[in-house]
Ligand SMILES: [Zn+2]
């Protein structure tokens, strides 16, 4: 084991030397890579545009989409796509401006001067790092507000989805910023401190640290954070509750709480999900879903959701995310002390290895510059992740079909599609790149074609009970 670690260390060391050459034009590389990424995204979006001019719905949906609804869905999709194209161009322009005007180095210096003015020692690198990150985040988030305001109050409003108010929008924004600061800054401080202490072996320690943070957030998020934004009320006794509880007990799903969330407070889009620790799970259903569907249809949607649980999809996705994180950190360890990279973005190259003002080396700069360089690689990751989640969606649908919910799930999905005015036609590449779920026609077709096992791998007892119930029905 230690042999592998030493070998890996020496490979990383050699790559780091190779990557630290002043002749590598890092700034130009970042501009080109993000230009290519933007061109790619615009190309994919461009392919989707004509889909909004197709005059008739796809065959799978033609009996379910009224002419009027179809037209509305096409108009909504077109508006959302135009918004996304404008936003892609805007983000690219901001990114370019940041690079050309040397914003990264200038803000590092100005936060340093600010520290001197308020009497914080220049050697306190972590404080400097946090101030810098907070400053960078704010100057991008403030103009970003105009975009989200437009999205909610112009675009969603125009198509009848917005239920939020300006007051709610402002308090949501302030709460989000405050939480980001309260959670994000200490985590970042811990992140930097660990690299500081662990030195060359930081990857393993950071993985452990970040895993711990994720676990804590998993517990804290639904209990303390989500209630700041939404109200959760236990699902009242009645047909729906009985159905969901019976379904959960049949699948041995450790259901401890069953809530309704007031999603209608902000939007009329609807949904359902579950979360929690392996031995104690909560199911949350949007009030909008309950309003628009029959209890049997909500049950079918939950059968799909519980399929994700039964087939361990969330754990698999967490595992993939850890793999991605490990990969990111290992590559980062190649660039962490890259003087050429620092210099290309206007920083004093000495900052890549030490801190001229005393204190520890400002690792955060290297991390941000490294992110700039590798962010376009996320395009590939996005493709891969979507192909995974799509596969899982098909499996969860098949799971619900096995449980006998084919008709109800189909009906529920169609209703969701109609009520959310989802786009009826999708370009294949556009859909593969942007959608974590298969399109509705694809899902309906797959459910129709499903010929797999009819019985779930339930316990023999559960299977017997099911057969007995079936007989009772037939009698
Ligand atoms: Zn799903």
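Readers should treat all values here as calculations from the given coordinates under stated rules, not as data from a laboratory. These numbers come from a predicted model, not from an experiment. Because the Cβ atoms are built from the backbone with ideal geometry, glycine has one as well, and the counts that use them run over all protein chains shown.
Classify region 403-449: rounded, prolate or oblate, from the alpha-carbon gyration tensor (a ≥ b ≥ c, eigenvalue square roots; a/c under 1.5 rounded; otherwise prolate if a/b is larger than b/c)? Here region 403-449 falls in the oblate category. Computed as a quarter of the hull surface, the mean projected area of the alpha carbon convex hull for region 156-196 stands at 3.9 nm². The listed peptides 212-225, 78-91, ordered by packing as a protection proxy, come out as 78-91, 212-225 (highest mean of other Cβ atoms within 10 Å first). Compactness of region 330-455 is given as radius of gyration and Dmax, 24.0, 69 Å, from Cα positions. Using only the alpha-carbon atoms, how far is helix 363-374 inclined from the longest principal axis of the chain? Give it as 0 to 90 degrees, nearest 10. It works out to around 60 degrees. Taking every Cα-Cα distance in region 1-89 and sorting them into 5 Å bins from zero, the calculated P(r) comes out as 2, 11, 12, 11, 9, 8, 8, 7, 7, 6, 6, 7, 4, 0 percent.
Just from its helices, what would the mean residue ellipticity at 222 nm be for the chain, if runs of 4 or more DSSP H residues each count -39500 (n - 2.57) and the sum is divided by every residue, rounded to the nearest 500 deg cm²/dmol? If you can, show how the numbers build up before the last one.
Details: 18 runs with 315 residues, N = 475.
Theoretical 222 nm ellipticity from helices: -22500 deg cm²/dmol.
Could you give the Stokes-Einstein D for region 164-279 in µm² per second, using the C-alpha Kirkwood radius, 10 °C, 1.306 mPa s? Value of D from the Cα-based Kirkwood radius: 90 µm²/s. Considering only beta bridges that DSSP places wholly inside the chain, some 60 percent are antiparallel. Remark: spin-label model distance residue 387-residue 250 equals 3.5 nm, labels positioned 7 Å along the Cα→Cβ axis. Relative to the dominant Cα principal axis of the chain, helix 166-198 is inclined by about 50°.
Taking one quarter of the surface of the C-alpha convex hull of region 236-344 gives a mean projected area of 10.4 nm².
The fraction of Cα-Cα pairs per 20 angstrom bin, counted from 0 for the chain, comes to 18, 50, 28, 4, 0 percent, rounded to whole percents. Working from the Cα coordinates of region 324-363, the gyration tensor eigenvalues give, after taking √(5λ), semi-axes of 21, 13, 6 Å in decreasing order.
Against the chain, whose longest principal axis comes from its Cα atoms, helix 67-100 is set at around 10 degrees. Antiparallel beta bridges, as assigned by DSSP with both residues in region 148-304, represent about 60 percent of the total such bridges.
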